[in-house]
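The values are calculated or read from the model by the stated rules, or taken from the named source; none is laboratory data. All values derive from a computational prediction rather than experimental measurement. Glycine gets a Cβ as well: all are built from the backbone with ideal geometry, and neighbour counts include every protein chain shown. When the accessible area is computed, the model is the full protein with side chains, heavy atoms only, and any ligands, DNA or RNA have been set aside. Shrake-Rupley method; radii C 1.70, N 1.55, O 1.52, S 1.80 Å.
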Amino acid sequence: METRAHHLLIGSFMLVFLTAIIMFTLWLVKAQEDEEIARYNIYFNGSVAGLGVGGDVRFNGIKVGNVSQITIDREDTSRVRVTVEVAADTPIRGDSEATLQLQGITGISFVQILPGTRATPILPVVSSNDPSEYPTIRSRPSAIEALFEAAPELLQRATQVLSDENILNLSGFISDLRQVSHMLASRQD
């Protein structure tokens, strides 16, 4: 009889424990649903390599949301539409700009939103589920993209710097510097 009472007590405890876990999970899901979010579209020209769905969205370096969708723009296939979800109280203004930035040396990118000016009104929060109705945040090229775009010009300048005449002048300078250092070393003795 005593064994049966222990089994009943343990079974009752397990049922109460499982019910509490289910209630806590439902409460947590409801709390996340109640959090008001704003959705925006950002159109990037070119590649968004390293950015993935679920990636961070930061406002002045502070995480405020996530990337919810990445698609090719149907109207202009050279652009990529990135849909982001951010906290509704994030002050994204009409002149705010978004750029892609690398997170360390991992190659993972995140969306960085720059605030804009105080005089510009804040973009509205749209409750629609249609991405075509979301407000658009302007994008600008990232520093890495600007570097890749400027690479041909940098290579051309480097070849001008490394012309035959400049290499001869540099060799002569190094030779003269070597002679001066030998002369100073011999005078120390």
ask   = What is the number of the single condition among (1) at pLDDT 85 or above; (2) surrounded by 17 or more Cβ atoms within 10 Å (Cβ to Cβ) that V53 does not meet?
value = (2)
Residue ID - modelled with the lowest pLDDT, chosen from residues in region 56-87 that are under 14 Å from I37 (Cα atoms) and of a type in the set (G, A, S) = A87
Hits in region 108-143 - residues which are touching a strand residue (DSSP E or B) at 6+ places or on another chain (Cβ under 6 Å), under 26 Å from R74 (Cβ atoms) and open to solvent by 80 Å² or more (accessible area, probe 1.4 Å) = R138, R140
query = Given A87, A98, A38, A20, which one is over 19 Å from the mean Cα position of the chain (by Cα) and among the hydrophobic types (A, V, I, L, M, F, W, C)?
reply = A20
task = Only one of these is open to solvent by 50 Å² or more (accessible area, probe 1.4 Å) and either in contact (Cβ under 8 Å) with a residue 12 or more places away in the chain or not basic (K, R) (or both): I92, I42, I105. Name it.
result = I105
